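Participant: This is the structure, below, for whatever I ask next.
No lab work stands behind these numbers, since they all come straight from the coordinates. Model, not experiment: these values are computed from the prediction. Cβ coordinates were reconstructed from backbone atoms using ideal geometry, including for glycine residues, and neighbour counts include every protein chain displayed.
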There are 2 protein chains.
Amino acid sequence: MDEEILRQRVEAARVGHLATTRPDGRPHVVPCCFVVVGDTLYSAVDAKPKSTLALQRLRNLAANPSASLVVDHYDEDWTQLWWIRLDGAARMLEAGPERAAAIDALTAKYAQYVDAPPPGAVVALDVETRRAWP
Amino acid sequence: MDEEILRQRVEAARVGHLATTRPDGRPHVVPCCFVVVGDTLYSAVDAKPKSTLALQRLRNLAANPSASLVVDHYDEDWTQLWWIRLDGAARMLEAGPERAAAIDALTAKYAQYVDAPPPGAVVALDVETRRAWP
């Protein structure tokens, strides 16, 4: 698969699925919005209706920073299926210039954030490996 | 959220995202087709183009049977977003009547399997907990 196509597919994806590992070793997965800046993915705990559940991913990453995010396309024509998975280590950004730049990038990608900027922590996933299928 | 709506959303979903934990503790996530039978989800390693990558989920589950599958709806109107996550323990079905019944159920849900029945193992995820958002 062409490198440029893979890059475009990841950048264009409106939603990804982020897996983390709970402190007891069980896996955890949530859909999330994200943006790519260089080799880092940024995802915010945003102003969508929140509950304490929304923070499980942050508790997991505090105990084990490994994270895996997959973007994919589902189609009833199974010859059109694809996914791209990005694995790496996550950092939590509570404040500072990198968080501010991430919020700017998220807002440029998602107009929904313009009127409701993400108030909470930003997860920065530094991508170490990428796998694509098929 | 109404119990019947949650059940219908899970049953109707054409794709889910399955998270497992690698033997080294890192998380792993792949999109997958699945079917619900009672309180168990079944997913096959099917006849879509395969590679050795397709088996990572099976290696993970052999070492740690905990699994998490999320179904969700993305919409640019963020008031319409939802997800439902199902967590439990997975069993690997290599042969036998439960595997055969799972293949029948998968084929009834996905016409794509009629001409290409899944040749490999079936993952049976016995659901222990369910979380819904919002």
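Participant: Between A:G120, A:G38, A:G16, where does the largest GNM mean-square fluctuation fall for chain A, given springs only between Cα atoms within less than 10 Å?
Facilitator: It is A:G38.
Participant: Shifting gears a bit: Positive end of the dipole of region B:1-101, charges at C-beta (+1 Lys, Arg; -1 Asp, Glu), about the Cα centre: which of B:A101, B:T40, B:N60 has its Cα farthest in that direction?
Facilitator: B:N60
Participant: Same structure, new question: Starting from the amide H of B:A121, placed 1.01 Å from N in the peptide plane, find each other amide H under 5 Å away whose residue is 5 or more places distant or on another chain.
Facilitator: B:V45
Participant: Output wanted: per-residue J couplings in Hz (rounded whole) for region B:4-19, from phi through Karplus 6.51 cos²θ - 1.76 cosθ + 1.60, θ = phi - 60°, x for Gly and Pro.
Facilitator: Ordered by residue, 3J(HN,Hα) equals 5, 5, 4, 4, 5, 5, 5, 5, 7, 4, 8, 9, x, 10, 9, 9 Hz.
Participant: With θ taken as phi - 60° and the coefficients 6.51, -1.76 and 1.60, list the Karplus ³J(HN,Hα) couplings across region B:128-133 in order, rounded to whole Hz; mark glycine and proline as x.
Facilitator: Result, ordered by residue: 9, 9, 9, 10, 10, 9 Hz.
Participant: Taking the Cα centre as origin and putting +1 on Lys and Arg beta-carbons and -1 on Asp and Glu beta-carbons, what dipole magnitude results for the protein assembly as shown, to the nearest 20 debye?
Facilitator: Details: 30 positive and 36 negative charges, 142 e Å.
It works out to roughly 680 debye.
Participant: Shielding by partners for B:28-37, please: the mean number of other protein chain Cβ atoms within 10 Å of each residue's Cβ. Intermediate results must be reported in sequence, preceding the final value.
Facilitator: Working: counts 10, 16, 9, 11, 2, 3, 0, 0, 0, 0.
Partner Cβ neighbours, averaged per residue: 5.
Participant: Please give the direction-averaged projected area of the C-alpha convex hull for the protein assembly as shown, in square nanometres with one decimal. Please list the in-between numbers first.
Facilitator: Values: hull surface 55.2 nm².
Taking the Cα atoms of the protein assembly as shown, their convex hull projects to 13.8 nm² on average.
Participant: For B:A63, place a label point 7 Å out from Cα along the Cα→Cβ vector, do the same in each other copy, and report the separations in nm, one decimal, smallest first.
Facilitator: Between copies, matching label points for B:A63 lie 1.8 nm apart.
Participant: Any idea what the alpha-carbon Rg over 2.2 N^0.38 Å comes to for region B:3-128?
Facilitator: Rounded to two decimals, the normalised Rg is 1.05.
Participant: Ok, one more. Could you identify which residue out of B:R59, B:R99, B:R91 has the top mean-square fluctuation in a GNM of chain B using Cα springs shorter than 10 Å?
Facilitator: Among B:R59, B:R99, B:R91, the largest GNM mean-square fluctuation belongs to B:R59.
Participant: When each copy gets a label point 7 Å from Cα toward the beta-carbon at B:P23, what are the spacings between them in nm, shortest first?
Facilitator: Shortest to longest, the spacings are 2.7 nm.
Participant: Amide H of A:V37: which non-local residues (sequence gap of 5 or more, or other chain) have their own amide H closer than 5 Å, using H built in the peptide plane?
Facilitator: A:Y42
Participant: At 7 angstrom along the Cα-to-beta-carbon line, where would the label on A:R131 sit relative to the other copies? Give the distances in nm, shortest first.
Facilitator: The answer, with the shortest distance listed first, is 2.4 nm.
Participant: Dipole of region B:3-128, Cα-centred, from +1 at each Lys and Arg C-beta and -1 at each Asp and Glu C-beta, to the nearest 20 debye? Walk me through the numbers on the way to the answer.
Facilitator: Details: 13 positive and 17 negative charges, 120 e Å.
Here the size comes out at about 580 debye.
Participant: If you take the alpha carbon radius of gyration of region B:93-134 and divide it by 2.2 N^0.38 Å, what ratio comes out, to two decimals? Can you show the working numbers first?
Facilitator: Working: Rg = 13.0 Å, N = 42, 2.2 N^0.38 = 9.1 Å.
Taking N as the residue count of region B:93-134, the ratio is 1.43.
Participant: As a check on your grasp of the helix formula, calculate [θ] at 222 nm for the protein assembly as shown: sum -39500 (n - 2.57) over DSSP H runs of n ≥ 4, divide by the residue count, round to the nearest 500. Provide the component values of the computation, followed by the final result.
Facilitator: Details: 6 runs with 62 residues, N = 268.
Per the formula, -7000 deg cm²/dmol.
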